[in-house]
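The next block holds one structure in the form of structure tokens; read it before the comments.
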4 protein chains.
Amino acid sequence: MRAAVAGASGYAGGELLRLLLGHPELEIGALTAASSAGSPLGAHQPHLPALAGRVIADTTAEVLSGHDVVFLALPHGHSAAVAASLGDDTLVVDCGADHRLADPAAWREFYGGEHAGTWPYGLPELPGQREALKSARRIAVPGCYPTSVLLALAPAFAAGLAEPDVVVVAASGTSGAGRSLKPNLLGSEVMGSVSAYGVGGVHRHTPEMEQGLTAVAGTPVRVSFTPTLAPMSRGILATCTAPAAPGLTRAAVREAYESALATEPFVRLLPEGVWPATAMTYGANTAALQVTLDERAGRLIAVIAIDNLAKGTAGGAIQSANLALGLPEELGLPTTGVAP
Amino acid sequence: MRAAVAGASGYAGGELLRLLLGHPELEIGALTAASSAGSPLGAHQPHLPALAGRVIADTTAEVLSGHDVVFLALPHGHSAAVAASLGDDTLVVDCGADHRLADPAAWREFYGGEHAGTWPYGLPELPGQREALKSARRIAVPGCYPTSVLLALAPAFAAGLAEPDVVVVAASGTSGAGRSLKPNLLGSEVMGSVSAYGVGGVHRHTPEMEQGLTAVAGTPVRVSFTPTLAPMSRGILATCTAPAAPGLTRAAVREAYESALATEPFVRLLPEGVWPATAMTYGANTAALQVTLDERAGRLIAVIAIDNLAKGTAGGAIQSANLALGLPEELGLPTTGVAP
Amino acid sequence: MRAAVAGASGYAGGELLRLLLGHPELEIGALTAASSAGSPLGAHQPHLPALAGRVIADTTAEVLSGHDVVFLALPHGHSAAVAASLGDDTLVVDCGADHRLADPAAWREFYGGEHAGTWPYGLPELPGQREALKSARRIAVPGCYPTSVLLALAPAFAAGLAEPDVVVVAASGTSGAGRSLKPNLLGSEVMGSVSAYGVGGVHRHTPEMEQGLTAVAGTPVRVSFTPTLAPMSRGILATCTAPAAPGLTRAAVREAYESALATEPFVRLLPEGVWPATAMTYGANTAALQVTLDERAGRLIAVIAIDNLAKGTAGGAIQSANLALGLPEELGLPTTGVAP
Amino acid sequence: MRAAVAGASGYAGGELLRLLLGHPELEIGALTAASSAGSPLGAHQPHLPALAGRVIADTTAEVLSGHDVVFLALPHGHSAAVAASLGDDTLVVDCGADHRLADPAAWREFYGGEHAGTWPYGLPELPGQREALKSARRIAVPGCYPTSVLLALAPAFAAGLAEPDVVVVAASGTSGAGRSLKPNLLGSEVMGSVSAYGVGGVHRHTPEMEQGLTAVAGTPVRVSFTPTLAPMSRGILATCTAPAAPGLTRAAVREAYESALATEPFVRLLPEGVWPATAMTYGANTAALQVTLDERAGRLIAVIAIDNLAKGTAGGAIQSANLALGLPEELGLPTTGVAP
């Protein structure tokens, strides 16, 4: 099968290509981009020597058609038009935000403009979602932060362990902001500093977290989300807390998570007493998760580490694509991280 | 006046000396340590050339006596004995934990062993504390995390803006762990990784936060605290949230904080829309603070950045010592950070 | 075929295991160590979930016997005894220094003690070495710095482009020092700082560089080598210079390197004008190389980037082992880096 | 006395302001810039709260006139016109490159365009330069790399210890490239990576190094210079080597350097056996220097650390300005670094 990548010169596009190079069933077809079209991929992704001489094409329907799967790593607002130009014989997997939200009002509030419609949500670990993705022809890959938060808290809400009043504080590496030329993303300003941004309920990933947790809980869940930028290229560490349900015990929390995650190939509940570090998941399509009950404060606390570019974007995209293409879900996806 | 520093070869001791070198009224007297006694300071603190040739002495009563102020940067459990050997003509400022907690039960639960007693708490920004410190002869310098959290939330609880159910997630640079030879503090493991530790109500700074906020609020405040380790040497960024009081508005939050902080020399409320970064406070005795109301989630969110070694330890110690010695509170303390 | 790893809890051992997990013909057998024997591998290498439950054994002949290949990642001085206990039916690949040097006097000068003997040198890219390794039963894996310097300058000396008076300055990530608990390797001291060490001809890798280059040049080559420690976990960037041979031109330099490297699977001459960054090789068994002639100063300058743990240690070890085991040289070795 | 800073929103401008805030005799007057004129300084330099509300003006003769000293931190090509508009009653200190080179041909070769003329060179540590600067009304601040190399090797060439065939490899923090919005300066690409650039005799600082060393040596000195970018915000570590003069001994090297540096306030020869780290000089106007003889390779090796923004730019500028203004050379300049 052949896979095209639109947005091949960015960070998400580069990670899609890195992982596709190790995929035994997906051959890399067209590489496209906007301003870097016409240049060799090696000028943008020098860590991918196998593709160094491949020339980047423009992102057009003609170039993308004829692939079994097209991965879109584009700025938001572009994927609907691209997808409309491709028939249902092509699986379209959108790493952007356009089709994640079900509620047009939430889209307008957080993104502005008209909602492009809703696609199946590419997080197989959510209840029922693995089956749903097997017949999908269009997939909306979750945001990197929502991936982490939903994996961390879905087991709790599915088992009724927590009240629907969630507080999340997460640290992300700078690649989450893409290859954007902004002063606050310069190495000189990032190194040696942790900073907050998008505080107070305004980050665009907030309604996506609420949508996912609400579906699992069966009752409206609200999320107070604070993202921070950490001096590292990759990785998200999300601390996710919610008031504990009455009578909850640590043993019950452990048991619920062990049961929920027993057969998940990519979400790993760490041994008791071990807490996640993003280095555990560097370059891998895995999540490292730990959970406890803060008995003093009456809160369930789940901490999760993922690689924002891998499980948080490109790896998650390929995982869902595997399902929709009838391939084994785990095919070509690394569970081994690169450390130290 | 002459100042001695016990624990001069560690990170807190080094920062005390760095700041004392710029203090116009405090002359550096004895430098002491345990295992590094007998070696020149330059072997441990090569960034302090002015003191490179000074030989470190043993930490004994004889060496420390005769100073106007003795700063202790020792592992916990040692300060009571040292202080007992020094008369009330010597101000003793303890950067360790021994005398911070008022409740012996909390001490036993979180530290174990017998409580050494309670000293005046060295955070002048707390209500009434500035005056109290002026007559102190013994001062317990707050922990670095509690410094950040108390500065961030005291204005909210003093003004009744929030419910007493606090959630704090904080990122700290590695110097907060001292010069401890542990594998997880090696550069190879720290760089490129954010990790969680002490999760679930077990971090020793938790009761100290609750003690301070409870005193301000006049009602018991509970704190769910999750610390994380970030790949930087210095700095704490703490995200501090609590349920908003009924009817709270953003304008009211801003007004209360502006009013509370108007005359504080070291706590800076940032312009609206600007969020803290630890780089703003690198090397300075300042806190950079922002606060908002998350109307969607119904929570007050205060984010604060400090330098854990400066305002969080050594700078805070000198600020309180200035008060107790009858000097201007701001004397010798930098408000200018080093960036980028 | 089955592979054992002695020293499995260290950084080199962890990298061997990471790469072996992706090797299609080598199954991971025994894992051994010294002080961490008895504990699960997951306690030391949390990025390798596939091996998390494997218990580390003591490094004994009994445990290691019966494998097709044994990789040694031990402190120097231990490999001779281990190898003596294993018959020639077991390939022994030593990542340590014991058997790299041919000259006992150089060993005594730089390492002290008695020389344990010389094994075939595991750098297939050196002239004649690829063939020699095919029949080896014992292999000495080069040091990480010598790997970089020999790959960078062998083409120059093989083609007579340079005078034998080499100056090398190299920056290494901290993992090159292993998981040693030394203050100067703490994250707090490493981050934000580049430092020099082992200056003035005293670094132990110096005679190894001279030995390799002398063999290629056919005349004694002397090397002035200065290593520096950079704030990153992985990677070596080596700047290698030598006086240009009379009449040398840039075109001749380019041509000689293109010719020498045309068929090398892991050493990549970058396009003209592109200079190496260690990020290009992160996690990969590749070298990224560029060379030019400084006409003004009359020097040939080759700059090379490798991952010290991959091509510089564990990847190089597996590459040589592949040859000795009759497997394709490239088998199981990644050429794709992880970036950004 | 009043000091103006042109280019106040950049990194060099920010560092000038940081140091001027601690200068007892220089009051900060006008702050100017180009594209950021009209905005408050706090939007660009949030680590300088004392100046947060100051509004940046356009860089015009009117705004800059009337100051005792004007510091220029502008892109090259702008300083001649600004200086021409200011009379000799104003000291002009140019942190840019325009007036460093004496040879117009070298200017044209490395920078292109017409040479703007030569100003007194602001490195008081060079022979005779301290006196020359006392009467200067225009000063060309050295480049950051030449500052490091000239301080490291001038004592050797002044004493005839080395042959005039220098090889320098230096690592710089990213702030040396300024606040330029280039992809290779993004945090995501800088962190975890060391890279080479400007290799092969093309870096613009090369002729400046040769000019300075030639003057000291009294014979033409050629320099092969390779700069590298390291994952840190600040700092230069330069390894500077040259063939040892016949018969040179380590003792003679040590003696010559001790003698040359005995009275220098800002250049510190480290104790024997201690090698420089950039962290020793973070934020300080100091250089940390060590030198040895590599007897095996016959080379003198000097390694030096400076803070590129402090001694390498803004601190050096103020040091020279102090001399030209009749103030004590050391006034207001920190010798204490910020570490860890």
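The values are calculated or read from the model by the stated rules, or taken from the named source; none is laboratory data. Computed from a prediction, not measured in an experiment: that's the story for all the values here. Don't worry about glycine lacking a Cβ; one is built from the backbone with ideal geometry, like all the others, and counts go over all protein chains shown. What goes into the accessible areas is simple: the full protein's heavy atoms, side chains included, and nothing from ligands, DNA or RNA. Shrake-Rupley method; radii C 1.70, N 1.55, O 1.52, S 1.80 Å.
From the Cα gyration tensor of the stretch B:195-340, with a ≥ b ≥ c the square roots of its eigenvalues, which class applies: rounded if a/c is under 1.5, or else prolate if a/b is larger than b/c, or else oblate?
Numbers: a/c = 1.42, a/b = 1.26, b/c = 1.12.
Since a/c stays below 1.5, the shape of the stretch B:195-340 is classed as rounded.
Looking at the protein assembly as shown, send over the antiparallel percent of its DSSP beta bridges, to the nearest 5. If you can, show how the numbers build up before the last one.
Working: 110 of 226 bridges.
DSSP beta bridges in the protein assembly as shown are roughly 50 percent antiparallel.
Site pair B:ALA132 and A:SER180 shows an inter-label distance of 4.5 nm when each label is modelled 7 Å from Cα along Cα→Cβ. Using the alpha-carbon atoms, what tilt in degrees (0 to 90, nearest 10) does helix C:206-217 show relative to the longest principal axis of chain C? Rounded to the nearest ten degrees, it is 60. The stretch B:69-123 and the stretch C:272-333 have Cα centres lying 55 Å from one another.
Please work out the FRET efficiency for the pair C:ASP58 and C:ASP88, using the Cβ-Cβ distance as r and a Förster radius of 22 Å; give the result to the nearest 0.05.
Details: r = 23 Å, r/R0 = 1.07.
Taking R0 as 22 Å, the efficiency between C:ASP58 and C:ASP88 is 0.40.
Report, in degrees rounded to the nearest 10, the 0 to 90 angle that the Cα long axis of helix C:11-20 makes with the longest principal axis of chain C. Taking Cα atoms only, the helix is inclined about 80 degrees. Which shape class, rounded, prolate or oblate, goes with the protein assembly as shown when its Cα gyration tensor gives a ≥ b ≥ c as root eigenvalues, a/c under 1.5 marks rounded, and past that a/b bigger than b/c marks prolate? Rounded is the answer for the protein assembly as shown, as its axis ratio a/c remains below 1.5.
With a Förster radius of 56 Å applied to the C-beta separation of D:HIS76 and A:ASP103, the computed FRET efficiency comes to 0.55.
Please check: in the Gaussian network model of chain A (C-alpha springs, under 10 Å), which one of A:PRO328, A:PRO183, A:PRO124 has the largest mean-square fluctuation. Among A:PRO328, A:PRO183, A:PRO124, the largest mean-square fluctuation in the Gaussian network model of chain A belongs to A:PRO183.
On the protein assembly as shown, 53 percent of the accessible area sits on carbon and sulfur atoms, based on a 1.4 Å probe. Placing unit charges on the Cβ atoms of the charged side chains and taking the dipole of the stretch D:230-340 about its Cα centre, the candidate lying farthest along the positive direction among D:LEU248, D:ALA238, D:ALA324 is D:ALA238. Antiparallel beta bridges, as assigned by DSSP with both residues in chain B, represent about 45 percent of the total such bridges. Taking a straight line from the alpha carbon of D:LYS182, these lysines sit under 22 Å away, with near neighbours fewer than eight places off in the same chain left out: A:LYS182. In the stretch C:48-79, comparing the full protein assembly with the chain on its own, the residues that lose 40 Å² or more of accessible surface at a 1.4 Å probe are C:PRO49. Spin-label pair B:ALA34-B:ARG250: with each label point 7 Å from Cα along the Cα-Cβ axis, the two points sit 5.1 nm from one another.
Here's the list of lysines a cross-link from D:LYS311 could span, going by alpha-carbon distance under 22 Å and ignoring same-chain residues fewer than 8 apart: D:LYS134. Taking every protein chain into account, the accessible area of the stretch D:222-269 amounts to 32 square angstrom per residue (probe 1.4 Å).
The helix-based estimate of mean residue ellipticity at 222 nm for chain C, built from -39,500 (n - 2.57) per DSSP H run of four or more residues and divided by its residue count, is -7000 deg cm²/dmol to the nearest 500.
Could you give the accessible area per residue of the stretch A:1-159, probe 1.4 Å, as a whole number in Å²?
Values: 5530 Å² over 159 residues.
With the other protein chains kept in place, the stretch A:1-159 gives 35 Å² per residue.
Tell me whether the stretch D:135-182 comes out rounded, prolate or oblate; compute the Cα gyration tensor, take square roots of the eigenvalues as a ≥ b ≥ c, and use a/c under 1.5 as the rounded threshold. It comes out oblate by the Cα gyration axes.
I'd like the orientation of helix D:250-261 relative to chain D: the angle between its Cα long axis and the longest Cα principal axis, in ° from 0 to 90, rounded to 10. With rounding to tens, the tilt is 30 degrees. Each chain gives up part of its surface: B and D jointly bury about 2100 Å² of accessible area, both sides summed, for a 1.4 Å probe. For the stretch D:229-255, accessible area lost to neighbouring protein chains reaches 30 Å² or more, against the chain alone with a 1.4 Å probe, at D:PRO231, D:MET232, D:SER233, D:ARG234, D:LEU237, D:THR239.
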